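The values are calculated or read from the model by the stated rules, or taken from the named source; none is laboratory data. Bear in mind that the values here come from a model prediction, so they are computed numbers and not experimental data. Cβ atoms come from the backbone with ideal geometry, glycine included; neighbour counts cover every protein chain shown.
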Ligand SMILES: *Cc1c(COP(=O)(O)O)cnc(C)c1O
């Protein structure tokens, strides 16, 4: 064995202890660390001929890397939609690496059954019936990609065509109908060879980001008249104003039209966790496929999301990966046949840990608190004449802009980042450069809202 490898094997206890100390210090003080930091300029790292050994790399990491990392799992990293890691999710994630399972086949360990259990618990959390099967993937983008791949196969079958076998060559361009789709829907269409231009934007209800059902009906009728298959992507929470399409009304259109119904509920799906907000996700269960992220509001470490579908049999046509050495496809196919990935991390374990550790009530509390904190900062912004609240605060996102159009929003965001109390990200809304704050971290409290508000005033 290479000497440094042998040495590290013999000193694994010291190494793990050191990493535990570092992790503990970081995790306990993440609220005091700058929410984000300006990245330093890139330097080249040459591959050493002789390795320095694990502990020396730890020291190197502490000097060179750690000071430049964001506190993205902390309470005031409010950019994008970012979760964190609950204590149970963190230890679940450690054990995922320690046990290092490959959850592809179902013949060598209990791991796939634990993924099933995590999916079962998540179905309950989101109020989805048993007909939905689910799998873990790396993020909502990958989930949208997998769901649209299944939807494409289903659409083609409606006109007796097998895309998985024959490719797209003999198929008319499937029409994808959506009002305010997330950018990852376009990316998925590009990757699927369906093309970004296959997305037809449906009108929104005036003053909202939610779909105009009459216009959707009109476009569905047009597609049907032209014998073109259709996919409808319903929005379970838009990123700017967390507006929800009327998911029930879209589902009801299936009585009139034939289409694949996908719901992108990457973070909005968690509205199902509280009594006050559950009405928003009503009708989500009428979808054929659903995307929900885990590294957002479930608060498990990156990267993790779920793809749910009512049609695992169609998914199998797309993703089956038969090979003599992998065994035959069973009635309940192994995970290798269910998603784009063959080899798969035991990504379900942190979710399984956190769901068992905190239960439905724990997630109800996290979601309720995040929404309340978003409301609070929204009220402060609305009541202050230096900022304009651009949209009512729905669920957990606050979309606002400096009242003065003279202020350079990009520069303001950089000042906020360098101040370190809060990390916020830009958007555009109603033709204005704007700022978004998204609350989805389990740690965030009222005190954090005060700090964020101070920073917003002082950095303007
Ligand atoms: C975040 C998000 C995505 C993309 O998620 P990733 O996990 O970053 O791949 C897709 N759709 C919606 C609505 C989102 O909020």
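Here are a few things to note about the model shown:
- Any hit, region 112-119, residues being closer than 24 Å to residue 282 by Cα, surrounded by 21 or more Cβ atoms within 10 Å (Cβ to Cβ) and touching a helix residue (DSSP H, G or I) at 6+ places or on another chain (Cβ under 7 Å): yes
- Within region 278-332, restricting attention to residues that are out of contact with any strand residue (DSSP E or B) (no Cβ under 9 Å at 6 or more places or on another chain) and part of a strand (DSSP E or B), the residue that is nearest to the ligand (Cβ to nearest atom) is 323.
- When residues in region 133-155 are screened for being more than 12 Å from the ligand (Cβ to nearest atom), closer than 15 Å to residue 265 by Cα and surrounded by fewer than 24 Cβ atoms within 10 Å (Cβ to Cβ), 0 of them pass.
- Any hit, region 136-146, residues being touching a residue at least 12 places away in the same chain (Cβ under 8 Å) and assigned to a loop (DSSP other than H, G, I, E, B): yes
- The set of residues from region 116-134 being in contact (Cβ under 8 Å) with a residue 40 or more places away in the chain and assigned to a helix (DSSP H, G or I) comprises 117, 118, 119, 121, 122, 123, 124, 125, 126.
Yes/no matrix, rows are residues, columns are (1) touching a residue at least 60 places away in the same chain (Cβ under 8 Å); (2) touching a strand residue (DSSP E or B) at 6+ places or on another chain (Cβ under 8 Å); (3) closer than 30 Å to residue 440 by Cα:
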residue	(1), (2), (3)
194	no, yes, no
201	no, yes, yes
204	no, yes, yes
215	no, no, no
219	no, yes, no
226	no, no, no
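- Some residue of region 153-163 being touching a strand residue (DSSP E or B) at 6+ places or on another chain (Cβ under 6 Å) and more than 29 Å from residue 449 (Cα to Cα): yes
- Meets criteria (modelled with pLDDT under 95, more than 18 Å from the chain's Cα centre (by Cα), at negative phi and more than 16 Å from the ligand (Cβ to nearest atom)) for residue 177: no
Residues checked against (1) touching a strand residue (DSSP E or B) at 6+ places or on another chain (Cβ under 6 Å); (2) within 16 Å of the ligand (Cβ to nearest atom); (3) over 18 Å from residue 31 (Cα atoms):
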site: 56; (1), (2), (3): no, no, yes
site: 60; (1), (2), (3): no, no, yes
site: 63; (1), (2), (3): no, no, yes
site: 67; (1), (2), (3): no, no, no
site: 73; (1), (2), (3): no, yes, no
site: 76; (1), (2), (3): no, no, no
site: 99; (1), (2), (3): no, no, yes
site: 102; (1), (2), (3): no, no, yes
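Quick grid of which residues meet (1) closer than 30 Å to residue 236 by Cβ; (2) over 24 Å from the mean Cα position of the chain (by Cα):
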| site | (1), (2) |
| --- | --- |
| 378 | yes, no |
| 382 | yes, yes |
| 386 | no, yes |
| 394 | yes, no |
| 406 | no, yes |
| 412 | no, yes |
| 417 | yes, no |
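- Qualifying residue in region 339-358 (condition: away from the ligand (no atom under 16 Å from the Cβ) and farther than 28 Å from residue 72 by Cβ): yes
Each row is one residue, and each column tells you yes or no for (1) outside any helix (DSSP H, G or I); (2) at pLDDT 95 or above; (3) surrounded by 12 or more Cβ atoms within 10 Å (Cβ to Cβ).
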site: 14; (1), (2), (3): no, yes, yes
site: 18; (1), (2), (3): no, yes, yes
site: 42; (1), (2), (3): yes, no, no
site: 48; (1), (2), (3): yes, yes, no
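- 1 or more residues away from the ligand (no atom under 16 Å from the Cβ): qualifying helices (runs of 4 or more DSSP H) within region 181-265: 213-225, 247-252
- Condition check for residue 263: surrounded by fewer than 24 Cβ atoms within 10 Å (Cβ to Cβ) and under 14 Å from the mean Cα position of the chain (by Cα): no
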